[in-house]
Amino acid sequence: MPGHSVSRKWSREEAILVLSLYCQIPFAKSRKTHPQVVRVAKLIGRTPSAVNLRIGNFGSFDPRLRDKGIIGLRNTGALVKNIWDEFQGDWERLAGEAHRIESAIRKPGSSASAPLVSGEETMRMTKTRINQNFFRQTILASYDRKCCITGIDSEKLLIASHIKPWAQCKKIEKLNPRNGLCLNALHDRAFDCGLITVDSRYRIRISRELLASSNPTLRKWIARFAGKKMRLPEKFAPDPAFLKWHENNIFVD
């Protein structure tokens, strides 16, 4: 990777790394001093200000931000739009490409175009770990590291929950951030069991089994959220189609 230069053009590889970073940090908290912005800037030989500017450029294409009146930074150029368009809906490839590019920069003898999976068990496990980490960081960043039902913000208690379970997802759905919710461990378990769900209007539904319980702990931590609206994320709002699928196929009522 070339050294610092204010005039050199951005490469495709650099833009992919920044798009991956865009997904994994809250847009509202992106700034030149953010540790991950500084890390990526150092990796590609750019200033943190330049990387943060590119994050703002990607934000200009995000429909969720536009719906909230957040415009992002325009005058992006063709590269940013092309990379944005290329990877929308292909999140597994984005995670894999970003990992390969970063590995190639850190180990100059390796190839950024080399396949991630060689067929060996260790490589399959590496790919799974990369994918799971990308999904988790993207979901947590979108929800500002807070449970979308309770607001709990202890990261050790938070789960990046799939709305449509991983095992039943098509390949293109597995890492889709719009197939995710940020839940604390208790509500994640209740969601997986179908004891709670979120409808397509983002309203929380509680099963009759839990609503009928006289246990004060259940009422305090679960039943009292019935009918309330979940906390919507900054970006990658849950796709109503995934929510409807969970309501129809997992929720027990």
Restricting region 71-80 to residues that are modelled with pLDDT of 80 or more and in contact with a helix residue (DSSP H, G or I) (Cβ under 9 Å, 6 or more places away or on another chain), the one farthest from LYS127 (Cα to Cα) turns out to be GLY77
Return yes or no: is ILE83 part of a loop (DSSP other than H, G, I, E, B) and either open to solvent by 30 Å² or more (accessible area, probe 1.4 Å) or farther than 20 Å from LEU140 by Cα (or both)? no
Looking only at region 11-50, count every residue that is in a helix (DSSP H, G or I), closer than 20 Å to ILE139 by Cβ and small (Gly, Ala, Ser) and tell me the total. 2
Any idea how many residues of region 150-196 are assigned to a helix (DSSP H, G or I) and crowded, with 16+ Cβ neighbours inside 10 Å? 11
Just to check your reading of the model, which residue among ALA237, ALA212, ALA241, ALA223 is open to solvent by less than 30 Å² (accessible area, probe 1.4 Å), farther than 17 Å from ASP188 by Cα and of a type in the set (Gly, Ala, Ser)? ALA237
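The values are calculated or read from the model by the stated rules, or taken from the named source; none is laboratory data. Please read all numbers here as calculations on a predicted model, not as lab measurements. As a convention, Cβ positions derive from the backbone with ideal geometry for all residues, glycine included, and neighbour counts pool all protein chains shown. Remember, those area values only see protein heavy atoms, side chains included, never the ligands or the DNA or RNA. Shrake-Rupley method; radii C 1.70, N 1.55, O 1.52, S 1.80 Å.
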